[in-house]
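Novice: First the structure, then my questions, so here it is.
Only the coordinates and a few stated rules stand behind these numbers; no lab work does. Since the structure is predicted, the reported quantities are computational estimates derived from the model, not experimental observations. All Cβ positions, glycine included, derive from the backbone under ideal geometry; neighbour counts span all protein chains shown.
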Amino acid sequence: MIILGIETSCDETAAAVISAKNGAVSVLSNIVSSQVKLHSKWGGVVPNLAAREHLKNILPVIEEALKAADVKLRDIDFLAVTAGPGLIPALLIGVNSAKTLSYAGKIPAISIHHIEGHIYANFIRKKQKSKIEFPLLCLVVSGGHTELVLMKSHLKYKIIGETVDDAAGEAFDKVARILGLGYPGGPAIAKRAMEFPISNYKFPNKLKIRKSKFEIFLPRPMINSNNFNFSFSGLKTAVLYETKKHPQLAKNQKYITAVCQEFQQAVIDVLICKTLAAAKKYKPKTICLAGGVSANNELRKQLEVEIKRNLPNTKYQIPDTKYSIDNAAMIATAAYFRYQKEKNKKESPFSWKKIQADANLILS
Ligand code: KG4
Ligand code: ZN
């Protein structure tokens, strides 16, 4: 079946067309119009500006997605849109566009939870034989969420741990602001941290040989707590105190790079430690990564090394980086699996009338 996905929950206007059959998903087009430049002036996303941009871009982006996939609107079998969580002015643009297309084109439609989309980015795979095995443990790390989600089967979610304050991506963005690295902070910090390789780093933080004169040690919040929750707000404050201690280094690029490296490693240590602890308890067959922070190369690599070392029988699955950050192919993919589950229900659940934007939508 051919599915058109639409995503406008934050600062990316996205539309994608996928072709899905027997559990295999091919992306025919994946168009993302980013508003990063617009919002970077303000150091973060301004909801009403985002809505205005979405309104301007949504139809051109959908048109481009159809064109790039070489399909017409009448070829679309199913429509999917992010209904939440997210910024309500932004969500409304995607939701209303999808409802209008569904109504006018008589195309069945469904709403998708943004985090469900991120998780299902892992299911974008052309061949069914490389099937992901359940139970699955997914580390979701985005700008608004940090969660460990346990799935016993498709579309069944149990949140076994989550952040008690800031999300991991939010911490990256706030620390980048403290260091004067602009918005979004994740890619900027990751790039700087790469310039500062550390050798013989042993997880978690046992032996570090730094190639810099700056010896910076940041906390690993809640790393030893006996639950699977996270906290990143104190880590951000620790970066603030660290920089305040050395005002003379505020413009020293090597120092800023060293702070980026230590901050990124602190986040990675906590994420990996909690994921491994949860995996030891719940014994998933597969561990997945999802969300914007899962584009972080060091996190991807280090988690792989530690899973191989600690849980050699557990599979490790990560999305292509273009499907880690916000996109609509992941929304269309989640919709495909929902369609499979709900298509035989007596009363059709796929009506535009049932789609509502909800800023605080719960994953269920
Ligand atoms: O999932 P996403 O695109 O949007 C939300 O659903 O929030 O995630 C955006 C977050 C931002 O906080 C951004 O700084 C972070 O993901 N991010 C990264 C990287 N790329 C994006 N964080 C760390 N390393 C990256 N390479
Ligand atoms: Zn996202």
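Novice: Hey, got a sec? Which chymotrypsin sites (Phe, Trp or Tyr not before Pro) in segment 40-135 land in a DSSP loop and have at most 11 other Cβ atoms within 10 Å?
Specialist: 42
Novice: At 222 nm, what helix-only mean residue ellipticity would the chain give, in deg cm²/dmol to the nearest 500, using -39500 (n - 2.57) for each DSSP H run of four or more?
Specialist: It lands at -13000 deg cm²/dmol.
Novice: Using Cα atoms only, what is the angle between the long axis of helix 253-282 and the major principal axis of the chain, expressed in degrees (0 to 90) to the nearest 10?
Specialist: Approximately 60 degrees, to the nearest 10.
Novice: Any chance you could check the Cα centroid distance between segment 61-109 and segment 144-169 for me, in angstrom?
Specialist: Rounded to whole Å, the Cα centres lie 27 Å apart.
Novice: Want the number for residue 310 to residue 100: 0.36 nm per residue separation, take away the alpha-carbon distance, what's left?
Specialist: Extending this stretch completely gives an extra 70.6 nm.
Novice: Another one. Between helix 233-245 and the chain, what is the angle of the helix's C-alpha long axis to the longest principal axis, kept within 0 to 90° and rounded to the nearest 10?
Specialist: Taking the Cα atoms of the chain, the angle to 233-245 is about 40 degrees.
Novice: Can I ask one more? Listing 233, 97 from the residue with the fewest other Cβ atoms within 10 Å to the one with the most, what is the order? Walk me through the numbers on the way to the answer.
Specialist: On the way: 233 16, 97 22.
With the sparsest Cβ surroundings first, the list reads 233, 97.
Novice: Ignoring the sites themselves, what is the longest stretch of the chain with no GluC sites (Glu not before Pro) in a DSSP loop and at most 11 other beta-carbon atoms within 10 Å?
Specialist: Values: sites that count: 133, 215, 347.
In short, 1-132.
Novice: What net charge is computed for the residues neighbouring residue 73, neighbours being all others with C-beta under 15 Å from the C-beta of residue 73, Lys and Arg scored +1, Asp and Glu -1? Don't skip to the answer; put the middle values down first.
Specialist: Values: positive: 67, 72, 74, 99, 106; negative: 63, 64, 70, 75, 77.
Value of the local net charge: 0.
Novice: Report, to the nearest 10°, how far helix 88-105 tilts away from the longest principal axis of the Cα atoms in the chain, using its own Cα long axis and a range of 0 to 90°.
Specialist: 20 degrees
Novice: Which whole-number value in Å³ per residue fits the convex hull of the alpha carbons of segment 282-356?
Specialist: Values: hull volume 10.0 nm³, N = 75.
Output value, Cα hull per residue: 133 Å³.
Novice: Return the FRET efficiency for the residue pair residue 246, residue 281: r is the Cβ-Cβ distance, R0 is 45 Å, and the value is rounded to the nearest 0.05.
Specialist: For R0 = 45 Å, the calculated efficiency reads 0.65.
Novice: Convert 4 °C to kelvin, take the viscosity as 1.567 mPa s, use the Kirkwood radius over C-alpha pairs of the chain as Rh, and evaluate the Stokes-Einstein diffusion coefficient in µm²/s, rounded to a whole number.
Specialist: D, rounded to a whole number, is 61 µm²/s.
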